[in-house]
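Throughout, read-outs are computed from the coordinates displayed, never taken from laboratory work. Bear in mind the structure is a predicted one, so any value in this text is a computation, not a measurement. We place every Cβ from the backbone using ideal geometry, glycine too, and count neighbours over all the protein chains shown.
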Amino acid sequence: MRRIVQGTPVGEIAKTLREVTKEGRYYITNTARDLSQSDFKNRILLHTDLLAAPSREKAGYFSLEITGGASIHVDILRKQVDPFTKLELMREKMPSTMFQTLCRGANLFGYRPYPQNVIRFTVREFAPYVDVWRTFDFLNYVPNMVAVFEEVGRAGKLNEPCLCFSTGPEHSNDFYIKKAGEILEVTGQDVTLCIKNHGGLGTPRRIGRLVDGLKQHYPDVPIHYHGHNTDGNDIGRIVAAVRNGASIVDAGDASFTGFYGPPAILTVVQSLRDYGFEPEGLDEDAVNETSQILQSERQYYAPFESQIKGFQPTVQTHKLPGGAMGSSLEQAVKGGFLNQMPEILQEELPRVQKELGNYWSVTPGSQILWTTAVSNVLDGERYGNPSGDLRNLLLGKYGPFPFYKPEEWIYEKVLGRNWREVLKEEGGEREIPDMDLAHERYDLAKDLGYEPTNHQLVLYLQQPNDAVDFFKFSEEYGEVYVLPPSIFFKHGGFKTGEHLNYNDCHGKKHLVEIGPSPVSETGEVNVYMVVDHHQTIFSYKPEKRAGGVSEVQELTKEEILDLAKAGDIRSPFKGKIVEITVKEGQEVLQGDRVAIMEAMKMQTPILAGMEGIITTISTKKGDTLFPGAKILKIDADE
Amino acid sequence: MKTRILIANRGEIALRVIRAVQELGFEAVAVYETPDEMSRHILTADDAIWIGDGPRCDYLNIQKMVTAAKKAKAVAIHPGYGFLAENPLFAKVCEEEGIIFIGPHSKTVAELGNKVVARQIMAEAGIPMVPGTKNLSQGRKGIDEALGFAAQHGYPVMLKATSGGGGRGIRRINSDEEMHAQLPMARSEALAAFNDDSVYLEKLVLNPRHVEVQVLADNFGKTLHLGTRDCSIQRRNQKLIEMAPSHIQNKELLDTICDTAVKAAKAANYLNAGTVEFLIDQDDNFYFLEINTRIQVEHTVTEMITGIDIVRNQINIALGHPLTLEQKDVQIRGYAIEVRINAEDPKNDFMPEGGKKVTVYRSTGGFGVRLDGMAYQGYTVPEEYDSLLVKLTVHGYTWEETVGRLARCLNNFAIRGPKTTIPFYKNVVVEKDFISGHFDTSYIETHPFIFHYDEEASEGGKLARFIAEIHHSKENPFAK
């Protein structure tokens, strides 16, 4: 048994992997993070992961993917846990297991490229906690990953560069082998090379051939196959990968497996065993034990499971990554366009995908494809309402298209009639200037009222508004991550007299008794509770509700456009104000950017509908607006 | 009618005395100023008498106290510590009014309360003393005397108020310039604080250990000691952590100190419970410091290691009973440590948190644990009085066991609302010099990192608010 433990030098890890693979053995990575993201909208709480930690530690995985991807954002936005605290607490319970992250290269854990100094600072701060750095770029554009590679190498951690995988005529073995060569030239051979099959695309035969091709060219580079079970056939692909020389494969805990994440670990083990491949260092009893421990927790996550149950063989057509399936379906339900999903997924999305260059449908490229397809279908006019991110894609801000460029009419639709000039002026990669980190730290300190830690600054640089909200939340509500999902996700309130007898995430027992909630004469609701034998009372003012949403205006899209032309700028969709880019009294020209809004993770500029002076700004950074809500007013210049 | 004893004090010491009185089968009569009308000592006593609106003036009013005692038909008054406890006039008025003062004779209180007279008595009895002066003369002459003393013994020296005590009215002088500047200030301060502007000088013993001996003396010529206490961990001469017995390994030295304490008490014709304080320098020389003529805050540690109820003995002695104990009956077993859990912010110069309400109060318990408390959930830290919430005293068979128990108990405590000294103590009990018993009066200054801790967040309360939010909103509004 050659278990690779946390702290093993990178060269030794690669050496062990080569040897083990030659002996017909392989390792397993438990992709808990990806499972949470794909099948539970990233909502699996730290409480649950800590519950599973001892048996997962005992199981002897190559690594546990527990951070990265969208989880950093969801951690602070919806689970109110500091991603660093999470890693610290996990490390206490799992001293030997290597922790793995999923890093989006220059886009880090967000949706658009960050300046070099932010990338390096972020990697340096996470590196002490993260042993395996799975890094990708949705255009497979190597320069976008170099800064991460370098910082990971400097920190002595394992680089796992990714070949994002997809299907189609351009996605040949020759292409991927050449791409792998480009990557390895930068990283060297002491890495694990990941085939990142985020959609779960291709057949077992296709994956087998790809691994074989890579192994023939780079026999000394260990291959890590990552897939999704969206079509129900990832075990087939995993088996094919290992039979052709992959050293590590991804799978998840059976009792939490769903439809879009990884398949069950022991099913993988059993299938491969019949072919004569044994999992290295894996304690199968401990794997099973984890599932038994987790089984009773799953019920609390039911609200976050996909609205549509069942495997989706159609993924081979629409190619949505497993990690985006749940959130896409959720948007369809919330947006009331679930009935149009077949059209969006089966017709429009594949069309958009081809039109936009058949690149890899993964963050943030998958969001661009998805929002474009949705807006193409819902708005009735294709590319009629392009997002700011689509604009940036066409401008080449994310990097060059890997195979071919979109046709000219799309450029014209997105960039306007004078698109050639726009492209000339604004197009192409331009190095994003470094941010003044000292100044950012100062801004954050001003916002918080105290000196932020480096960890806080990292989170702030990723998601400025949400990070500040989170820090303020923590001051008010404390360490809510100690709560179990049964309380955290409770729907409908508790019963009067109900005893919440729970263990916090440290395993300590607590007792909360819910008392009556009488309403006072002034309409105040008083919630009585007994916490660990001590009574407390909380009062709620009648009008007070959590999360402020601006007043709703019932306006049609046309009305909003007309108002804009008259200087009354309204929100064109439901979204959040990222930034107001003008000040009251400032002169603007028609078409000037006055604000930036964000919806469905995509940022869109709000433009001045007429020339004039900004008079009233009725919203601020961080506000969530409904369509038609007032943003600001422009008065005609006298 | 049962024998009644009036307690001329408030707070935890009033409760402590009430317990002893009631255990003896007597009745305890409390007194209170208006701000204390809801206080625990009022509810615990058998009777309570209002003495005025206060604050802090009626507890100091001798006449009101005596009137209250007469009204309550109390035969004796226990003064506690602070307030009137070491006021010789109070003891004298009691004697004149035929009320038993539970403490030494007023003459003893007066003599020992005057540091210069006390030094004289001790010098005559051959008790080793730090070199010092008599009361300095007024004006220019006094400064010359002071400079002369400093020239002879060298700086630094301590400038002390003759009527001071309990660490108050003491300042360190490092140079002639400082002497010129400080002497007049010390005088005016002493006048304001003790109504007596006499001051004197003592040679400063650098980084000494502060060791004191508890003594008991009855009317029949018997004087006993109950072993030593170490109160070296002080901040600006205010004791923070006290323990018994002294952790000094030199047993012969400690025996000598105890015998010297008994000799000192006898020299002063001491009656009842008292404390003889000594300084021990780095070379194991010891010097008489003073005799405290009252029950002390830290008496609990001595009670824990000896099993002897000092307050009960105080009352019995005062009522004219002979001590039934012999010196050989006093057996020291194990170690005891007491910490004063105050509603204070150690990081902000131990600023009291007056006016804050205790929203959560959870205390500790278990083997070897003693609590002398005042606070409870809903208690408001008074702005008028001291900020002591509870004294935590732990007892263990070995030093190591005792420190471990103290750490455990501090972790068990959950007090929310005011800031407290608990997180500060938590840092001390894991600090290696403290654990190994290496500390002297410079401990706090030389271990500044014990002030580095995160505020005890009221995590429980915050979480409860979060759960209430989930309950009230019918779902977690932050997890949507």
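Across the options A:Ile66, A:Pro115, A:Val148, the greatest Cα extent toward the positive end of the charge dipole of segment A:10-294 (unit charges at beta carbon of Lys, Arg, Asp, Glu) belongs to A:Pro115. In chain A, the DSSP-assigned H stretches of four residues or longer account for a calculated mean residue ellipticity at 222 nm of -11500 deg cm²/dmol, using -39500 (n - 2.57) per stretch and the full residue count as denominator. Here the protein assembly as shown carries DSSP beta bridges of which approximately 65% are antiparallel, counting only pairs with both residues inside.
In terms of its C-alpha gyration tensor, segment A:10-294 has a rounded overall shape, because the principal axis ratio a/c (a ≥ b ≥ c, square roots of the eigenvalues) stays below 1.5.
The Kirkwood radius of the protein assembly as shown, taken over pairs of alpha-carbon atoms, gives through the Stokes-Einstein law at 25 °C and 0.890 mPa s a diffusion coefficient of 70 µm² s⁻¹. Which whole-angstrom value gives the distance between the alpha carbon centres of segment A:1-54 and segment A:444-462? Between the Cα centre of segment A:1-54 and that of segment A:444-462, the gap is 31 Å. Rounded, prolate or oblate for segment A:214-323? Axes are the square roots of the Cα gyration tensor eigenvalues, ordered a ≥ b ≥ c, and the cut-off for rounded is a/c under 1.5. Since a/c reaches 1.5 but b/c is at least a/b, the shape of segment A:214-323 is classed as oblate. 3J(HN,Hα) along segment A:78-88: 10, 10, 6, 10, 6, x, 6, 4, 4, 5, 5 Hz, from the Karplus curve 6.51 cos²θ - 1.76 cosθ + 1.60 with θ = phi - 60°, whole Hz, x for Gly and Pro. Could you give log10 I(q)/I(0) at q = 0.08, 0.10 Å⁻¹ for chain B, computed by the Debye formula over C-alpha point scatterers of equal weight, without solvent? Log-scaled intensity ratios, in q order: -0.50, -0.78. Restricting the calculation to alpha carbons of segment A:554-638 gives Rg and Dmax of 11.6, 39 angstrom.
Taking 4.7 Å between C-beta atoms as the pairing limit, the protein assembly as shown has these partnerless cysteines: A:Cys103, A:Cys164, A:Cys505, B:Cys57, B:Cys94, B:Cys231, B:Cys258, B:Cys409.
Mean per-residue shielding of peptide A:487-496 is 4, counting Cβ atoms of other chains within 10 Å of each Cβ. For segment B:41-151, the alpha-carbon radius of gyration amounts to 1.45 times the rule-of-thumb value 2.2 N^0.38 Å expected for a compact globular protein.
Listed highest first by mean packing, meaning other Cβ atoms within 10 Å per residue, what order do A:135-143, B:405-413, B:143-151 come in?
In descending order of packing, they fall as A:135-143, B:405-413, B:143-151.
What is the local net charge at A:Lys58, summed over the other residues whose Cβ is closer than 10 Å to its Cβ (Lys, Arg +1; Asp, Glu -1)? Result for the neighbourhood of A:Lys58: -3. Over segment A:260-315, the pair-distance histogram of Cα-Cα distances with 5 Å bins from zero comes to 4, 13, 18, 20, 17, 15, 10, 3, 0 percent, rounded to whole numbers.
Using the scaling law 2.2 N^0.38 Å as the reference, what is the normalised Cα Rg of segment B:358-480? Intermediate values should be presented prior to the final figure.
Working: Rg = 18.0 Å, N = 123, 2.2 N^0.38 = 13.7 Å.
The reported ratio for this selection is 1.32.
Each of B:Thr398 and B:Lys474 was given a label point 7 Å from its Cα along the Cα-to-Cβ line. The distance between the two points is 6.2 nm. Each peptide in B:301-307, A:2-8, A:276-282 was scored by the mean count of other Cβ atoms within 10 Å over its residues; highest first, the order is B:301-307, A:276-282, A:2-8. What distance in nm separates the simple spin-label points at A:Lys354 and B:Thr256, each placed 7 Å from Cα in the Cβ direction? Each label point lies 7 Å from its Cα, and together they span 10.4 nm.
What separates the Cα centres of segment B:402-480 and segment B:279-306 is a distance of 30 Å.
What the phi angles of segment A:302-314 give under the Karplus curve with 6.51, -1.76 and 1.60, with θ = phi - 60°, is a coupling list of 3, x, 9, 6, 4, 5, 10, 9, x, 5, 10, x, 5 Hz, glycine and proline written as x.
Report summary: the helix-based calculation at 222 nm, which adds -39500 (n - 2.57) for every DSSP H run with n ≥ 4 and divides by the residues of chain B, gives -10500 deg cm²/dmol.
What fraction of the DSSP beta bridges in segment A:10-294 is antiparallel, stated in percent and rounded to the nearest 5? Expressed as a percentage, antiparallel bridges in segment A:10-294 total about 0. Size descriptor for chain A, Kirkwood hydrodynamic radius: 26.0 Å (Cα pairs only, one decimal).
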